[in-house]
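Every read-out reported here was derived from the displayed coordinates using simple, explicitly stated rules and does not represent laboratory data. It should be emphasised that the depicted structure is a prediction, and the values quoted were computed from it without experimental measurement. For neighbour counting, all protein chains shown are included, and Cβ atoms are generated from backbone atoms with ideal geometry for every residue, glycine included.
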Amino acid sequence: MKILVAYASKYGSTAEIAEVIGKELQKRNHQVEVQAVDHVDSLDGYDGFVIGSAVYAGSWIKSAAKFLRANQDILAGRPVWLFSSGPTGPGDPNEIMDGWTFPENLTAVREKINPKDIIFLHGKIDPDKLNFAERMIVKSVKATTGDYRDWLVIRGWAGKIDQDLKAG
Ligand SMILES: Cc1cc2nc3c(=O)[nH]c(=O)nc-3n(C[C@H](O)[C@H](O)[C@H](O)COP(=O)(O)O)c2cc1C
């Protein structure tokens, strides 16, 4: 099947997650394109879509939110998997973020698209890359810094997408 993995990433860690999901699907014989949402020209010809964004202040990056809204009619008719990446520190991502699962301002779009699955994945904070305001936010909310992306979970989720695709 032909799959588009489309992502938004500010500092690159979500882009790397998208690449790994793409590689896992390729290993399972799917034809995969991995693209930043703002580089996607057309949704024509894809059998399925994996779409994700880093989370900043409880929201998806604007380009990803815009992509989901703009393409909701097409996406509603095809299989879609959504991921968000963000929480750092040990433990379940949803618990670290007090039960957050998906941006509230995308609830209507999410309901319309009716994705096969939604996952909230650990992310990475590299304080050296952040601007001053971001460093202050990270400090004030006492966020743990470091790379907490769990590649086993990410690869496992890609495997689940493959199973869903094969099950039709
Ligand atoms: C200023 C700031 C605000 C953040 N806000 C959230 C948030 O609200 N929820 C969350 O889960 N992660 C939050 N994060 C963590 C990022 O989502 C995480 O660093 C992510 O892996 C960044 O992805 P990127 O490298 O693709 O930009 C925040 C990080 C920064 C620096």
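Brief remarks on what is shown
- Among A108, A65, A54, residue whose mean-square fluctuation peaks in a GNM of the chain (springs only between Cα atoms under 10 Å): A108
- Exposure proxy for T145, T14, T88: other Cβ atoms within 10 Å of each Cβ, ordered fewest to most, give T145, T88, T14.
- Cβ-based exposure ranking for S84, S42, in which fewest neighbours within 10 Å come first: S42, S84
- Applying the criteria of a DSSP loop state and at most 14 other Cβ atoms within 10 Å to the trypsin sites (Lys or Arg not before Pro) of the range 75-150 yields K142.
- Unsatisfied cross-links (Cα-Cα over 28 Å) in the set K23/K62; K139/K160; K112/K160: K139/K160
- Around the Cα centre of the chain, unit charges on the Cβ atoms of Lys, Arg, Asp and Glu (plus for the first two, minus for the last two) sum to a dipole of about 60 debye.
- Sequence-ordered 3J(HN,Hα) estimates for the range 151-164 from the Karplus curve with 6.51, -1.76 and 1.60 and θ = phi - 60° stand at 5, 5, 5, 5, 5, x, 5, 4, x, 5, 4, 4, 4, 4 Hz, glycine and proline given as x.
- Net charge over other residues, Cβ less than 15 angstrom from the Cβ of E134 (K, R count +1; D, E count -1): +4
- From the alpha carbon centroid of the range 37-76 to that of the range 77-114 is 13 Å.
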